[in-house]
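Each reported figure results from applying straightforward, stated rules to the coordinates on display, with no laboratory input. No experiment lies behind these values; they were computed from the predicted model shown. Don't worry about glycine lacking a Cβ; one is built from the backbone with ideal geometry, like all the others, and counts go over all protein chains shown.
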Amino acid sequence: MTACGSAEEATSSRVRLPPRHAGFDYQIGGPYKPPSGVRIVARDRTASPAPGLYNICYVNAFQAQPDAERSWPADLLLRDADGEVVVDEDWDEALLDIGTAAKRERIAARVGEWIDGCADKGFDAVEPDNYDSYSRSNGLLTADDATAFIALLSRHAHARHLAIGQKNTVELAGQRKKAGLDFAVAEECGQYDECGVYAEAFDDRVVDIEYTDSGLRKAVSGFGDRLSIVRRDVMVSTPGSEGYVRRTR
């Protein structure tokens with residue numbers, strides 16, 4: 001690992017980065033025994049890491065889970081001019097208000113407790129989801145807000161000896177050093193011709209989840225010898241569930 005930027009200089013010797021071009025499984029919908037050949041596993045923060053593998057801990061950092069919205073202080077939920085909570089309609093999740101430094105600090109303190117839980121369980125890295133939620137905020141939040149917030153999470157993760165991944169948000173890949181991010185977790189970078197951007201920004205330390213056969217073919221064709229790629233079903237279900245899919249080619 002090399003030092004490359006202020007955030008990374010302080011942490012490069014204290015975190016373990018995911019291996020490049022390794023067998024990967026995305027299990028955020030529920031943990032199960034990793035298939036043969038898997039070296040990297042991503043699981044929800046409520047699960048335990050898979051023994052002997054590189055484990056990434058999923059945390060919903062920029063939005064509130066549908067069943068957790070009321071647990072957040074009302075003023076930390078993003079609201080429009082009418083006072084209505086702004087919601088990611090695809091997942092029915094309220095956006096968190098990271099629009100001021102004071103609110104970012106308060107939200108980061110709570111998310112930091114979840115990151116602590118990941119570290120205490122023995123995970124190697126954390127994956128804060130919805131970095132791109134500013135793009136669903138109807139102009140109320142900016143890319144700068146998102147970058148400033150994730151930089152807080154990066155410092156906390158690194159202090160707990162966890163690497164931290166950029167989740168999607170290809171347009172901010174060039175900000176990775178400023179944000180203190182170590183690797184990328186990309187959904188459908190093959191499908192949307194984005195794998196090359198992530199690969200360049202993160203020196204091939206990229207785990208990619210494709211949700212279609214065509215996306216898998218494109219990802220493997222272009223980057224199958226460089227990145228960690230898996231095809232999953234959209235609900236990332238467990239084996240035996242209706243709709244379960246996992247393929248690597």
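Brief remarks on what is shown
- In nm, spacing of pseudo-spin labels at GLU84 and GLU171 (7 Å Cα→C-beta vector): 2.3
- Spin-label zone in the range 172-191 - amide nitrogen under 13 Å from a point set 7 Å from the Cα of ARG155 along the C-beta vector: 179-180
- The range 179-226 and the range 28-79 have their alpha-carbon centroids 20 Å apart.
- Here the Karplus relation 6.51 cos²θ - 1.76 cosθ + 1.60, evaluated at θ = phi - 60°, turns the backbone of the range 18-34 into coupling constants of x, x, 7, 6, 10, x, 9, 9, 9, 10, 6, x, x, x, 7, 4, x Hz, with x for every Gly and Pro.
- Amide hydrogen neighbours beyond the local backbone of ARG39, cut-off 5 Å, H modeled: GLY23, PHE24
- Amide H contacts for LEU77 (H built 1.01 Å from N in the peptide plane; partners 5 or more residues away or on another chain; cut-off under 5 Å): ASP97.
- Working note: Debye formula, equal point scatterers on the alpha-carbon atoms of the chain, no solvent; log10 I(q)/I(0) at q = 0.10, 0.17 Å⁻¹ is -0.45, -1.36.
- Inter-label distance, LEU76 to ARG14: 2.3 nm, where each label sits 7 Å from its Cα along the C-beta direction.
- Neighbourhood net charge (14 Å Cβ-Cβ; Lys/Arg +1, Asp/Glu -1) for ALA199: -2
- Cleavage-rule hits (GluC sites (Glu not before Pro)) in the range 61-154: DSSP loop, at most 16 neighbouring Cβ within 10 angstrom: GLU84, GLU89
- The label-point distance for ARG247 and ASP92, in a model that sets each label 7 Å from Cα toward Cβ, rounds to 3.1 nm.
- Within the range 35-99, DSSP assigns beta bridges of which about 55% are antiparallel (rounded to the nearest 5).
- Too-long pairs where the Cα-Cα distance tops 25 Å, listed order kept, from LYS121/LYS167; LYS177/LYS218; LYS33/LYS218; LYS33/LYS121; LYS121/LYS218: LYS177/LYS218; LYS33/LYS218; LYS121/LYS218
- Karplus-derived 3J(HN,Hα), 6.51/-1.76/1.60, for each residue of the range 219-224, Hz, glycine and proline x: 5, 5, 4, x, 9, x
- Cα gyration tensor shape of the range 116-249, rounded if a/c is under 1.5, else prolate or oblate by comparing a/b with b/c: prolate
- In the chain, the longest principal axis of the Cα atoms and the axis of helix 101-121 are about 40 degrees apart.
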